[in-house]
Amino acid sequence: MQYTEPTLLSALDDGNFSFALGISPWLFGLLVLGIVLGVWFTYYRTTRPLSAQWKTFFITTRSGVLVLILFCLLRPVITTIQTSPQETYLGILIDDSQSMSIGDLDGGQARQTAVEEALFENGLVEELAESFQIRTFRFDKETQRIAGVDDLSEEGTASSIQQALNYVDDQLSGLRLGGLVLFSDGADNSSVDPTSVARDFGGRQIPIFTVGVGQENIPQDIGIVDVSTAKTVLEGSIFTVQAGISHQGFEGQEIEISIKDGEETVASEIVTLGLAGVTRRFDLEVTPERSDLIVYDLEVELQADEIIEQNNTYSFLVDNTEKPALDVLYIEGHPRNEYKFIRRAVEGDDSLRLATYLQTGPEKFYRQGIESSTELSGGFPSTKEELYGYEAIVLGDIEKDFFNNDQLQMIDDFVAERGGGFLMSGMMDEEFIGTPIADILPLTLIEENFLPSHLRGGIRRGEHPTGELYYPRLTNNGEFAPILRLSSEDDENLNLWSQLPELQGIFVTGRAKPGATVLMEHPILQYQNQLLPIIAQQRYGSGRSMSVNTASTWRWQMMLPSEDQSHEALWRQMLRWLAVTAPERINIEFDREFYNVGDQVNVSAVVLNDEYEPDNDATLWMQTTAPLEQITDTPMEWDIEEDGVYRANFTVEEEGVFNLLVDVASAAADAEADGSEKRAAFVVTPSLREYNNAEMDSALLGRISQESGGAYFNLSDIDTLPDRVEFTPNAYSREVQIDLWDSPWLLALLILLLCIDWMARRLRGLS
């Protein structure tokens, strides 16, 4: 703090006079009287006569000289109180997030432009600077000090008022802070309620003056709220994209939702908007048309009256690259038609490998689709290591006695623990009741004796009700199940199903288990007042299970033209559904489905050993390739709280596709064992957070100002803000002493008196 020295006149006026040697003014007066009398006595006894006027003159000058000398010798001082005003600071915080680019003010003016005009062009900063030292900051999810309007970008993907207030408080700590002025639309993404921070400011008598920018109600807008879809698909598979759409002012209006791959539209649908302010979800089905990492654009038709355009488009990534074939183990009890046509259905599909073990007669077996001479050479796998090399198991018309108890339990572990898929297609033999197979199935098994007579054992007899021809019926869940899709269009899908040939025969089971879903059912036959299920599915532990309660799906291929691919598509989709979720030995997981610029990406790698148990003794490196081909290597650290889980994180600063390569070397493995690699990718897109619910939140801004003791302003009445921001001067004080004895003017006076005395004496002829 710089002090301003007081003037001599102000010190004489306000200060206290004293002598540094401690002599009182009364004693000084007596000494002065003594000096005057002494000088008078000296001149009174002079031998040379002088007139009374000259004697008086010489007595005055000589006494003045001596008094001044005595005055200086006694070191006179003036003690006074010196004050210096303390500078008061004012912080100005400007919301610099993407929502500030919305042009919802008069004439379509953007919010940020209006703030810049008010602050810098119309002279508000200069007016405030007359009373305060101004410090200006921009903020989104982070806060920075800025010099002026050129430092504003409107690119922040999220705004945190709480973080901004705390940052400014820390930066201006130790200075006298007269208050803060906050310009924002109130679109806050703080993890902590900013009013609690404002309350703390109020307790320290630091008011926050909030200025609301933007419209409190945006009358016309349609926006994408979120997008949900599969990250990875298999070539040729249909996947569903679910889009959450919200709107204001377009209730009941029909709009087009489309998905584009570059310039090509791959899916579209006309939908009708519901209630304003309510997020409604719409599904679109897409079949990838190329093997690649595909960035799709979901677009909502832009309406003429919409104020916000940025939230009508959103990009997402789907991995449709070539992948190793899914290994499916198929055990069949005899060479029936169903076996023949299931194998034919997957021929030519590089995404599936069907390794089959077919019993052709007593003690006779045939292996097909094997990769080595040793694969399945001993029949059904006898160890977990061997079985767990597959992603799914299909059991055909096979008897229970084919398996030993350990193998049955191993199948249960394969699904529940390994996360594999299980499908039973064939006779649901009651012999499996009480075994792990019965636990896995989505349907209950029933002893034939407990069934009504018309449902007992007639599947192999065409004249029996359970053996007759029938057209299967899709349930409501089945109509929309991706695995039963013959077309992405609902009407076309139902039409194709209606053209499929009849099935013949159904295996009778009990009701669907809790959590299971029936996709297809018999049109007539019932058990316990429910139509008999034909296809059902469920989650079981970490895996999936399915039952197909007929042995005649081959008719869908045999009795249709050769160019019809319905049977092939159905079986491929069902097998993929079973196998695709089975975890690999290395799995890469992300903490969210989509990322925006500025987000932190948290990557987890789950590493399993040969027996698919967590591996805590591995070394992992993650290589990240950014859109502009920058490559970064990062070690992944084992999470001691989760077995087999390794983590790393980084922040994305640009849009586009990021590619990851995780290299794993297991210290627990044999020294000769090779390391493994796993690739993954994700896309970084502009954020929609700032454009959804983008109305100006005057209520929040009002609470912030109220809790802090400030005031809320609309941008239109900002001219009154300087009058409300109260300047309270403060000062530091200290006691100072001003020496009079060494003052230049006192020396000059002394010299002047001596000169006058000397010249007068010479003039009168005195020595």
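The values are calculated or read from the model by the stated rules, or taken from the named source; none is laboratory data. In this text, all values refer to a predicted model and were calculated from it rather than measured experimentally. When we count neighbours, we look across all protein chains shown, and the Cβ atoms used for this are built from the backbone with ideal geometry, even at glycine.
Residues that are loosely packed, with under 14 Cβ neighbours inside 10 Å and farther than 16 Å from residue 397 by Cα within segment 364-375 comprise 371, 372, 373, 374, listed in sequence order. Just so you know, in segment 94-112 the residues that are assigned to a helix (DSSP H, G or I) and surrounded by fewer than 18 Cβ atoms within 10 Å (Cβ to Cβ) include one that is nearest to the chain's Cα centre (by Cα), and it is 108. The set of residues in segment 569-583 that are within 30 Å of residue 644 (Cβ to Cβ) and touching a Pro at 6+ places or on another chain (Cβ under 9 Å) contains only 577. For segment 113-123, the tally of residues that are surrounded by fewer than 20 Cβ atoms within 10 Å (Cβ to Cβ) and either outside any loop (DSSP other than H, G, I, E, B) or touching a Leu at 6+ places or on another chain (Cβ under 7 Å) (or both) stands at 5. Among the residues making up segment 169-214, those that are polar (S, T, N, Q) and either part of a helix (DSSP H, G or I) or not assigned by TED's automatic domain parsing to the domain that holds residue 106 (or both) are 171, 195, 196. Against the list (1) at pLDDT 90 or above; (2) touching a Ser or Thr at 6+ places or on another chain (Cβ under 8 Å); (3) in a strand (DSSP E or B); (4) not basic (Lys, Arg), the condition residue 252 fails is (3).
Summed over segment 124-153, the residues that are in a loop (DSSP other than H, G, I, E, B) and under 18 Å from the mean Cα position of the chain (by Cα) give a count of 3. Mind listing whichever residues of segment 323-360 are of a type in the set (Gly, Ala, Ser) and buried (at least 20 other Cβ atoms within 10 Å of the Cβ)? Once the filter is applied, which keeps residues that are of a type in the set (Gly, Ala, Ser) and buried (at least 20 other Cβ atoms within 10 Å of the Cβ), segment 323-360 yields 345, 351. The requirement of being surrounded by fewer than 17 Cβ atoms within 10 Å (Cβ to Cβ) and modelled with pLDDT under 75 is fulfilled somewhere in segment 54-64, by at least one residue.
Taken over segment 596-614, the criterion of being under 9 Å from the mean Cα position of the chain (by Cα) and not aliphatic (A, V, I, L, M) is satisfied by 596, 598, 599, 600. With respect to the conditions (1) out of contact with any helix residue (DSSP H, G or I) (no Cβ under 8 Å at 6 or more places or on another chain); (2) on the phi < 0 side of the Ramachandran plot, residue 529 falls short on a single one, namely (2). Residues in segment 440-452: is at least one within 44 Å of the chain's Cα centre (by Cα) and closer than 30 Å to residue 495 by Cβ? Yes, segment 440-452 has at least one match.
Of the residues in segment 624-646, at least one is free of Cβ contacts under 8 Å to residues at least 60 places away in the same chain, at positive phi, more than 21 Å from the chain's Cα centre (by Cα) and crowded, with 16+ Cβ neighbours inside 10 Å.
When residue 359 is tested against (1) touching a residue at least 40 places away in the same chain (Cβ under 8 Å); (2) in a strand (DSSP E or B); (3) within 47 Å of the chain's Cα centre (by Cα), exactly one condition is not met: (3).
Considering 609, 602, 587, 549, the condition of being more than 30 Å from residue 227 (Cα to Cα) and surrounded by fewer than 18 Cβ atoms within 10 Å (Cβ to Cβ) is satisfied by 609 alone. For segment 154-168, a residue qualifies if it is assigned to a helix (DSSP H, G or I) and touching a residue at least 40 places away in the same chain (Cβ under 8 Å), and the qualifying residues are 161, 164, 165, 168.
For segment 202-240, filtering for residues that are polar (S, T, N, Q) and under 19 Å from residue 250 (Cβ atoms) leaves 3. Can you spot a residue in segment 515-526 that is closer than 18 Å to residue 475 by Cα and among the charged types (D, E, K, R)? Yes, segment 515-526 contains a residue that is closer than 18 Å to residue 475 by Cα and among the charged types (D, E, K, R). Could you go through segment 344-354 and let me know if any residue there is among the hydroxyl-bearing types (Ser, Thr, Tyr) and within 14 Å of residue 394 (Cβ to Cβ). No.
The residues listed here are 767, 698, 743; of these, the one that is of a type in the set (S, T, N, Q), at pLDDT below 70 and surrounded by fewer than 19 Cβ atoms within 10 Å (Cβ to Cβ) is 767.
For segment 256-321, the strands (runs of 3 or more DSSP E) that sit wholly inside it and include 2 or more residues that are surrounded by fewer than 16 Cβ atoms within 10 Å (Cβ to Cβ) are 264-272, 280-286.
Residues of segment 213-250 that are under 19 Å from residue 283 (Cα atoms) and of a type in the set (Asp, Glu): 226 alone.
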